[in-house]
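A.B. asks: Once you've had a glance at the structure underneath, I'll fire off some questions.
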Amino acid sequence: MKRQSDEKTENAFTRTLVYRLYPSKADQVRFQCYCDYRRYVWNEYKDENDHAYQRYRYERTYYAKVGIKVKAKEFCSKYPTFARTKKQVNHDKKAWEYKYPSKIALMAMTDYDNAMSNFINKAMPDWGKPKFRSKRSPRQGFKLPAESLKLNGRTITVAKGRKDKKHGNLVLKSRQSFLDYPIGTASFYTEKGRYYVAVPYLIPKEELKSDDKLKGKAGIDLNVDHYNIYDGKHKLIDLNMRQLKFYYDRIKHYQRLLARKREFDKKNTGSRNYLETRAKLQRDYRRVADIQNDFLQKLVLGLCQKYGQIVIEDLDVKHMKMGVASKGLHRSMFGTFRSILTYKSEQYGNDLVVADRLYPSTQICSKCQYRKTGDEKITLWGNKKHHTKHNEYVCYNCGNNIDRDENASINLYQYLDSKWYKEKSRAEKQMA
Ligand SMILES: [Zn+2]
């Protein structure tokens, strides 16, 4: 992968925007064909490479006996007998393949090569082997280099295949306007009957920078069903929107219906009735996601336009998700909030501070900085020794009695002045 020059990235940042597309019936068919073509190329290429990989593994032991070391990443480029290269495959295309944009095939193979080199790379042990792509998977798509697409107002144009005599270029419409500076790879995909394109942009920074007047500071404490914001005044943001409750109840209802149908007879899972209910369930999931996303976008935008400095906790979301309150955690959207806040604060030039993981924001008294330790600590269920409730913070030093989460948000607000922050920055200085 080529890197952007430093000069370019200093004044600009990349951001991917997702647009919903509204293709006509005929274009939907073509869209689907392009997805199928990418999947075909991927699977064919994968098949060939799998054989090559097996042979490489076999010959590696052979070479090792002779005393030659073959590096994994060389197995297809330096030893082309193992597998054809991307270029060769593209050259040996079958006649019918020319009906499709050849870049789709090239992108599929590039992605496969990248996935494979990640898999082989020992520095990234979490990467699995690239998988077979099924036509039954709920999400289908194809990718094209963004530079090769024509973005014009609200339309995006995909050039037709070289030998496609039947169609013109594929013109897809969106309801939002595209921007002028696409970069990298645009991915088209379809999911649950909707069509989307994700276009990465290199957005110049000046254009979006907010007022320099924003000097305020805010601490945000994230909780399962509410966020607490403190900026001198306390503000509670309730995540249990009434709208959502309606959908959650209905999702529960549909899930029960489906479970009952499955239980009654396994054959039911393909029945018209079953599929209809499943479609309704998926529709409700989608609406919930839309509502949540809309809510978070507006919330974060408001925060970014108001405060120069935003302090949040560093929560190990993945770790916490394994715990008991999993459903609530999922619904409180920690991860999404964090990622939206990250890119929005970059966009608007806010200073996003992530408090150290060890900063005990729930255990400190926001008034006198007294820190609870040992069996005085507050847990999710309050404190057993002192019989305090789960949602209150009672300081044993100064008698401060305050809502637990409010206290935490004030602590985050004060984080930059705390000794934890000073220690952390001192340690960082020593490292550098
Ligand atoms: Zn206190």
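A.B. asks: Taking every DSSP beta bridge with both residues inside the chain, roughly what % is antiparallel (nearest 5)? Working shown, then result.
C.D. replies: Details: 46 of 54 bridges.
Counting DSSP beta bridges with both partners in the chain, the antiparallel share is about 85 percent.
A.B. asks: A follow-up question, please. Select from Lys173, Lys160, Lys87 the residue whose mean-square fluctuation is largest in a Gaussian network model of the chain (Cα-Cα springs shorter than 10 Å).
C.D. replies: Most flexible of the set in this elastic network: Lys87.
A.B. asks: Hey, in the GNM for the chain with a 10 angstrom Cα cutoff, which one of Phe246, Phe142, Phe334 fluctuates hardest?
C.D. replies: Phe246
A.B. asks: Size of the dipole of segment 165-286 about the Cα centre, Lys and Arg at +1 and Asp and Glu at -1 on the beta carbon, nothing else charged, in debye to 20?
C.D. replies: Values: 28 positive and 15 negative charges, 192 e Å.
Taking the Cα centre of segment 165-286 as origin, the dipole is about 920 debye.
A.B. asks: Distance between the C-alpha centers of segment 84-104 and segment 240-257? Whole Å please.
C.D. replies: First find each Cα centre; the distance between them is then 48 Å.
A.B. asks: Compute the long axis of helix 272-306 from its Cα atoms, compare it with the longest principal axis of the Cα atoms of the chain, and write down the angle in degrees, 0 to 90, nearest 10.
C.D. replies: 60
A.B. asks: What nm distance separates the two modelled labels at Ala289 and Thr269, each placed 7 Å from Cα along Cα→Cβ?
C.D. replies: Inter-label distance under the simple model: 2.1 nm.
A.B. asks: Then there is this: Evaluate the distance, in nm, between pseudo-label points positioned 7 Å from the Cα of Glu59 and of Tyr196 along their respective Cα→Cβ axes.
C.D. replies: 4.2
A.B. asks: In degrees, nearest 10, range 0 to 90: what is the angle between the Cα axis of helix 419-431 and the longest Cα principal axis of the chain?
C.D. replies: Relative to the chain, helix 419-431 is tipped by roughly 40 degrees.
A.B. asks: Another question about this same structure. Have a look at the DSSP beta bridges in segment 217-354 and tell me what percent are antiparallel, nearest 5.
C.D. replies: Restricted to segment 217-354, the bridges split so that about 55 percent are antiparallel.
A.B. asks: Continuing with this model, one more query. With +1 on each Lys and Arg Cβ and -1 on each Asp and Glu Cβ, how big is the dipole of segment 217-354 about its Cα centre, in debye rounded to the nearest 20?
C.D. replies: About 1020 debye.
A.B. asks: Mean residue ellipticity at 222 nm from the helices of the chain, using -39,500 (n - 2.57) per DSSP H segment of n ≥ 4 over the full residue count, to the nearest 500 deg cm²/dmol?
C.D. replies: For the chain, the value works out to -14000 deg cm²/dmol.
A.B. asks: Next question. Of the residues Ala95, Ala108, Ala83, which exhibits the maximal mean-square fluctuation in a Gaussian network model of the chain defined by a 10 Å Cα contact cut-off?
C.D. replies: Ala95
A.B. asks: Please name which of Asn118, Gly168, Thr157 has its Cα lying farthest along the dipole of segment 6-204 towards the positive end, using unit charges on Cβ (Lys, Arg +1; Asp, Glu -1) and the Cα centre as origin.
C.D. replies: Working it through, the farthest residue towards the positive pole turns out to be Gly168.
A.B. asks: For helix 404-413, what angle does its Cα long axis make with the longest principal axis of the chain, in degrees from 0 to 90 and rounded to 10?
C.D. replies: The angle comes out near 80 degrees.
A.B. asks: Please compute the length gained on full extension between Glu428 and Glu44, using 0.36 nm multiplied by the number of residues separating them and subtracting their Cα-Cα distance.
C.D. replies: 133.3 nm
A.B. asks: Further, regarding this structure: Quick one: net charge around His253, please, counting Lys, Arg +1 and Asp, Glu -1 for every other residue with C-beta under 10 Å from its C-beta.
C.D. replies: +2
A.B. asks: Is the C-alpha gyration tensor of segment 6-204 telling us rounded, prolate or oblate? Criteria: a/c under 1.5 is rounded; beyond that, a/b larger than b/c is prolate, otherwise oblate.
C.D. replies: Prolate, because a/c is 1.5 or more and a/b exceeds b/c.
A.B. asks: Please provide three numbers in whole Å: the alpha-carbon extents of the chain along the principal axes, with the largest listed first.
C.D. replies: So the three principal-axis extents are 81, 62, 50 Å.
A.B. asks: About its Cα centre, how strong a charge dipole does segment 374-431 have in debye, to the nearest 20, once Lys and Arg get +1 and Asp and Glu get -1 at the Cβ?
C.D. replies: It comes to approximately 260 debye.
A.B. asks: Would you mind checking Lys103/Lys163; Lys46/Lys86; Lys298/Lys389; Lys46/Lys103; Lys46/Lys160 for any pair whose Cα atoms are more than 21 angstrom apart?
C.D. replies: Among Lys103/Lys163; Lys46/Lys86; Lys298/Lys389; Lys46/Lys103; Lys46/Lys160, the Cα-Cα distance tops 21 Å for Lys298/Lys389; Lys46/Lys160.
Any read-out appearing in this document is the output of simple, stated calculations on the displayed coordinates, not a laboratory observation. Keep in mind that what you see is a predicted model, and the values were worked out from it rather than measured. We place every Cβ from the backbone using ideal geometry, glycine too, and count neighbours over all the protein chains shown.
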